[in-house]
Structure formats: structure tokens, C-alpha cells
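> Supplied in C-alpha cells, the structure appears directly below.
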Amino acid sequence: MPIDRRVFLAGSAAVVGAGALWGISSTGQIRRGRPEITHGVQSGDVGAGAAVVWARADRASRMFVEFDTTPAFRSGQSVEGPTVTDATDLTGKLVLSDLPAGQDVFYRVTFADTDDSSLVSEPAVGRLRTAPTDRSDINFVWSADTAGQGWGIDESRGGMRAYSTMRELEPDFFVHSGDTIYADNPLEAEVPLDDGTVWRNLVTPEKAKVAETLAEYWGNFRYNLLDDNVRAFNADVPVIAQWDDHETVNNWWPGQILDDPRYTVTDVNVLAERARTAFHDYFPTMGTARDPQRIYRKISYGPSLDLFVLDLRSYRGPNSTNDQPTPSTDTAILGAEQLRWLAAELAASTATWKVICSDMPLGLTVGSGADIDAVAQGRPQALGREFEFVNLLSSMRANGVQNVVVITGDVHYTAAHRYEPGRAVVTDFTPFWEFVAGPIHAGTFGPNELDPTFGPEVRFQKAADYPNQPPSDGNQFFGHVSIDGRTEAMSVRLIDANGSVLHTEELAPAPEAA
């Protein structure tokens, strides 16, 4: 009889929690405690034969990972990982390679004290599922926006409970579409609500002010891992993480100098470098050999699915009115190198479905006046940052790229948009879908204005009842995608924090690509 993975992981957590905190020497003398794993485990960037495993210890120690295809670990392999030090806030990650494709892989992490290798932590256990090499059923979830707008962990309200709702679907992986933390949103201990109750935040020193130092950025990532729902989710569901603005500061761009009295460090390039370091220290990202800290990447999940994870923050020009009549470096948002990479990878992809994971939507205006933050600006013509997408969509059509779906977040509500040339000002593209989901634990807003340039139509949307609606009202959203291994049909569902399915789109692959 198969072991239910939730039961397995819950039991393993109990074993970890019951471990002894002190070791006994061969002479019977008490010696100082063994290392402890402080914030659970994570896995991520999962492919057919490899995945990244992450954990954090309470002291300098050597990381070890054992993995097997059964939870008994009777024939598991053990791999020695890095020595974690203060340089990475005691976090470590290890790439597991030569994994069996299309399999559940169970792993357990331990740390051995660097001064006394006989002192070994209790294990922390997780599970991941590797990508298939044949056409198989696939399901995954995505969302964005964790711990924003003053809404942190209120344990009396169940914490970040939408993570538990996602976990119940047993997804193969989770795409976090950005705003993984809110480094610029300090928390208050108490927030009065309209219904007369009080939201009571768990507050740590790093969440009591805006993040400026590397240690403060680390502390923002640690904060989310204090939540029981998040740690249980991470142990069971691999994450594919991307970033947006709040990992650094709201609506930032390279070269910006802040005019904000909360900050003593005003050079955004300095803040962004620290934020990027903390992001990679706290997520199981794989990076590339040439650039270990690069965020944009392609992840293949079998012959039915390729994921193209974008970074619309690191290579952009300054925010502006975004209505420049001709392209220039000031109108960049992908940047020339990432744009070339994306067009080439899409054209080369043989996967049936090409899912573009964008940290911002294409057709919704974000920001106003001289601080337009996304691609669109609401004008019925191609202007500013839209030029890069004119070129990209035209290239995709010329190369016969079919079955493209965009998943995104950022705007703090959920929606389904259909882009059609027949409604568009710019018409040289193949129709595609864009699905918006979030927040997963932050204030709810929206809806935003839709830009007509690429002909989007709102097929569904659900937004806040009022601005910055709290998570306790249930208007927290995520998306769920399932691909049928036999027909390769895709089903996209938009779901709220209570598990209610709000909208579904059934998508058939183009015949020539099936």
C-alpha cells in the first residue's frame, strides 16, 4: 500500500522535533548540543534528473543529504554538501544529480558540527518529484506576494493558510511569481480591522524596519519560514522562485537613488545586490555555470512542458511615463540579452506547452504618471516597454511557436486574459492566454486598467472589495495548472484561499504541436 506523502512528512517532522539536544561522549560526559536545522527544508528547480535541496543550520556545520525513492531510505545515497557559515547566514544548498526521472524522491538533510563531526543534527525530511521523460500527467500551482502591505504571520488566524490550501492539491511544483518577501514593508504588532477585531503580527527585529543591510534582507526571508504552513509546503513541494520589486524596494530600477526618509542607504544598486544575494541564499535556485545569481532561466519538465522564468526587474531602464515613441535603452524591461535568450529558447522548444513565468503582467497598467512600473501604459499603440514585446511576439509567430501561456502575479488579484490579434493595435502575433494569480498572503487590490495594444480581453477577474483587503477575508488567490499526459490538454483553474475554484479554462494544444 503506497504511503501518503503528507502522512510521511508529518511523521518525519515529529521525529525531528523529538530529537535530543545534547550528545553524550564515550566517557559519559555531557558535551554541547548537536546542530539543529532551524527553518525546515526546501527543494527547487527540479528537472528530470536533478534538483536543488536547501536547509539552514544554527551554527557552522557540514551539510549532508541522503535521498531514495522510498521513505524507508533502505537503499539511499548520501551526498556531502557545503560547509555552511555566517557568509550565507548558515544556509546551504546542494544539487542532487543522476536522480530517476518521473519519480518521487525522498530526501533527508543533516548537519555535522565543524568542530566535532560526531555531533550530527536530527534529520529534516522532504520530498520532491522529478520531471518525467515521457508524456505524463503534470500539475503545478503558482502565485505571488508573501507577507506584504503589513500582513504578516497572525498565528491566531492560522498563519499563511493559503499555502496549506495549495499543498492539499499535491502539486508537482510551485512557481513563486515574485514579491517573495516585502523588504520595504515593516510590520506593526497590531493592525485594527474593520470588523472590530485585531490582526496580531508576529514581528521580528528585521521586520520592524525597511531592509538595508544583507542581514536585514536575510531576516526577511527567515521571517516567512517561521510559518508552519510555509515550512510544511516547502518540505513537500519544490519551488521555482523568481523575484520582482519588493525583494528590494517598491518599483525599483537599476541606478535609482531613493528619495525615502526611511532609508539611510539610498543607492538601489547596493540594496539590489544585497537583496539578490539573500534571495539566492534562501531559495533552492540552481543558477548557471556562468552566472550563479542569474534569475531568468528555462526549466524543462518533460516533453509536455517547458517553463521560461523571466526577470523583468534587473535589466530595465528607469520607470517613466513609458510612452517613448521609439525603442531605446530607456525602454528596456527584459533587456537585450534576456530578450534574445527568450526568443531563441521559445523557438527551439519542442515541448507541447510553453509557459512563460512573468513577474509582471503584459496587458495591465501598473503604476501611474511618471512611475509606470510594468510593460503597459494604457495607450492604444505600441510605446515604451511594449516595443520589446512587439518584437518577441512577432518572432514567436515567425518561428511557429504555439501553445504559449503566460502565468503572472504582482497586481494582487486574479484574472484570465485572452490576447487576440483581431482586437489588437499590434497584430503580428499568435493568440495566447495570460493568467494572473495572487496575493498568496498580502493585501488584495485591483482591478487594474487593461491596455488595448495587444488585444487582451478579460474572461474573468476577481479583485478586492476594498484596497488592501486583509488575508483574513479570504481573497487570496493562486492558480493551478494540470496537463493530461494522454491528450496533453491543459486545464487552468483560479482558486481562492479556501480552496474554492473561481474560474476554469480548458485549453487544447494546437494539432501540429500535439
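The values are calculated or read from the model by the stated rules, or taken from the named source; none is laboratory data. On a predicted model such as this, the values are computed, not experimentally measured, just so you know. Reconstructed Cβ throughout: ideal geometry from the backbone, glycine too, with neighbour counts over all protein chains shown. We work out accessible area using only protein heavy atoms, side chains counted, and drop any ligands, DNA or RNA first. Shrake-Rupley method; radii C 1.70, N 1.55, O 1.52, S 1.80 Å.
> I want to check the label-to-label distance for T321 and V95. Put each point 7 Å from Cα in the C-beta direction and report it in nm to one decimal.
4.7
> Once Lys and Arg get +1 and Asp and Glu get -1 on their Cβ, which of V401, S117, F173 lies farthest toward the positive end of the dipole of the chain?
Looking along the dipole axis, the top candidate is S117.
> Which angle between 0 and 90 degrees, to the nearest 10, do you get for helix 386-398 versus the longest principal axis of the chain when only C-alpha atoms count?
Relative to the chain, helix 386-398 is tipped by roughly 90 degrees.
> Suppose R0 equals 30 Å; then what is the FRET efficiency for S156 and V501 from their Cβ-Cβ distance, rounded to the nearest 0.05? Provide the component values of the computation, followed by the final result.
Details: r = 28 Å, r/R0 = 0.93.
Result of the calculation: an efficiency of 0.60.
> Enter the accessible area per residue of the stretch 265-348 (Å², integer; probe 1.4 Å; all protein chains in place).
Details: 3170 Å² over 84 residues.
Heavy-atom SASA per residue in the stretch 265-348 reads 38 Å².
> Summing -39500 (n - 2.57) over the DSSP H runs of n ≥ 4 in the chain and dividing by its residue number, what mean residue ellipticity at 222 nm do you reach, to the nearest 500 deg cm²/dmol?
-5000 deg cm²/dmol
> Here are labelled values, [x] 1.04; [y] 0.99; [z] 0.97, and one is the computed Rg/Rh (Cα atoms, Kirkwood Rh) for what I pasted. Which one?
Working out Rg/Rh (Cα atoms, Kirkwood Rh) from the coordinates points to [z].
> Let me ask something additional. Ignoring ligands, DNA and RNA, please state the percent of accessible area on the chain from carbon and sulfur, probe 1.4 Å. Walk me through the intermediate numbers first.
Working: 9690 of 19320 Å².
Reported share for carbon and sulfur atoms: 50 percent.
> How big is the accessible area of D113 in square angstrom, nearest 10, if you roll a 1.4 angstrom probe over the protein chains?
In the full protein context, D113 sits at about 0 Å².
> For D473 and D134 in the same chain, what is the full-extension length gain: residue separation times 0.36 nm, less their Cα-Cα distance, in nm? Spell out each step's value before the answer.
Working: separation 339, 0.36 × 339 = 122.04 nm, distance 4.19 nm.
My answer for the length gained is 117.9 nm.
> How much length would be gained if the chain were fully extended between L169 and E80, taking 0.36 nm per residue of separation minus their Cα-Cα distance, in nm to one decimal? Don't skip to the answer; put the middle values down first.
On the way: separation 89, 0.36 × 89 = 32.04 nm, distance 3.26 nm.
Net length gain for the segment: 28.8 nm.
> Tell me the angle of helix 336-348 to the major Cα principal axis of the chain, expressed in degrees between 0 and 90 and rounded to the nearest ten.
So the helix axis and the longest Cα principal axis differ by about 90 degrees.
> Once fully extended, how much extra length lies between R340 and N399, figured as 0.36 nm per residue of separation less the alpha-carbon to alpha-carbon distance?
Details: separation 59, 0.36 × 59 = 21.24 nm, distance 1.36 nm.
Here the answer is 19.9 nm.
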